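Here's the structure, in structure tokens; my notes come after.
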Amino acid sequence: MTEANQVPQKVGVLGGGRMGAGIAHSFLAAGAEVTVVDINDEAVAAAAERISNDVDGSLRRGAEGTREEWLSRLTVTTDTGAFAGLPLVVEAVPESMDLKISSFRKIAEASPEAVIATNTSSLSVSDLALTVDNDVIGLHFFNPVPASKLVEIVVADSTPENLVDEARGWVEALGKTPIVVKDAPGFASSRLGVCIALEAIRMVEEGVASPQDIDNAMVLGYKFPVGPLALTDIVGLDVRLGIAEYLSSTLGDRFAPPQLMRDMVERGELGRKSGKGFYDYS
């Protein structure tokens with residue numbers, strides 16, 4: 001499909017939220033033509049704005065080209081038929097198995113020859129692959145995508161070996177570092193990251209220390225770039241709650257979400273996107 005360390009010339013992204021927009025921007029930065037599909041006109045407009053802002057950021061940091069040239073390679077639409085003929089489509093919809101299965105089927109209908117790469121952070125890539133005839137692999141990007149240097153390549157039971165090598169080349173062409181993991185609950189990154197976050201939330205719940213002091217312990221004591229509670233605010237408490245519930249169901253009670261986490265999500269305290277989480281962003 002492509003030579004090593006090159007991305008496909010044309011790439012699709014299903015879902016233009018924060019992650020999908022960041023993924024689209026990364027492929028634009030690598031020179032690809034990118035088609036983003038989202039559910040309605042409002043979502044399409046929001047996706048276009050997110051990607052344009054990321055492009056502006058790249059240009060301010062000295063990237064080559066002009067805004068017009070970058071955006072001339074971007075299409076944003078509600079029509080999944082726009083994926084027809086694309087060699088690679090990245091699924092970046094919210095972390096729901098039912099929604100992802102529906103999304104996979106829409107991609108497969110539009111582009112039966114495409115490789116489907118899922119951005120899931122915890123769900124079984126092998127189970128998703130069973131729902132379509134396309135080749136499937138996990139490409140788990142990290143938030144915020146433009147700044148993150150890591151992509152987790154998740155190998156499903158049915159993923160061809162040569163596709164793993166191709167995916168390494170794509171990730172390196174994006175200027176990021178690939179790690180390869182087998183399809184297991186939570187993979188490597190989410191399993192470790194959520195484990196640390198859940199214990200930090202339990203410490204807040206038990207009154208051990210304040211969120212700021214817990215984060216400082218990890219940032220200053222263990223060289224974490226961001227504390228586990230601040231990172232949970234960035235990712236979204238609702239997102240991490242969903243991951244924790246899935247890991248608890250597959251790996252046991254050590255991943256059981258603390259009651260404080262459930263209460264905060266119930267109150268709408270989801271982190272940065274809601275203006276309040278463990279920290280106040282209002």
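Some points to look at:
- Expressed to the nearest 5 percent, the antiparallel share of DSSP beta bridges inside region 10-182 is 15 percent.
- Summing Cβ point charges (Lys, Arg +1; Asp, Glu -1) relative to the Cα centre of region 10-182 gives a dipole of roughly 500 debye.
- Here each label is just a point 7 Å from Cα along the line to Cβ, and for residue 280 and residue 102 those points are 3.8 nm apart.
- Correct choice for Cα extents along the principal axes in Å that was computed from the model, options (1) 81, 42, 38; (2) 51, 37, 33; (3) 55, 42, 35: (3)
- Taking 18 Å as the cut-off, the amide N atoms of region 186-224 that come nearer than this to a point 7 Å along the Cα-to-beta-carbon line of residue 256 belong to 195-207.
- Size of charge dipole - region 45-139 - debye, nearest 20, with Cβ of Lys, Arg +1 and Asp, Glu -1, no other charges: 220 debye
- Seen from residue 98, the other residues with C-beta closer than 14 Å to its C-beta sum to a net charge of 0, counting Lys and Arg as +1 and Asp and Glu as -1.
- Cβ-based charge dipole, the chain, positive-most Cα from 27, 170, 55: 55
- Overall, the anisotropy analysis places region 1-88 in the oblate class: the square-rooted eigenvalues a ≥ b ≥ c of its C-alpha gyration tensor yield a/c not less than 1.5, with a/b not exceeding b/c.
- Placed amide H near residue 13: partners under 5 Å, 5+ positions off or other chain: 35, 36, 37, 90
- Cα shape, region 218-258, gyration tensor, a/c 1.5 rule: oblate
- Each peptide in 261-271, 229-239 gets a packing score, the mean of other Cβ atoms within 10 Å over its residues, and the list from highest to lowest is 229-239, 261-271.
- Where Cα atoms sit under 26 Å apart: lysine pairs in the chain separated by 8 or more or lying on different chains: 17
- Burial order of peptide ranges 137-143, 147-153 (average beta-carbon count within 10 Å, highest first): 137-143, 147-153
Read-outs throughout are calculated quantities, based only on the coordinates presented, and are distinct from any laboratory measurement. Please read all numbers here as calculations on a predicted model, not as lab measurements. Here Cβ is always computed from backbone atoms with ideal geometry, including for glycine, and neighbour counts include all displayed protein chains.
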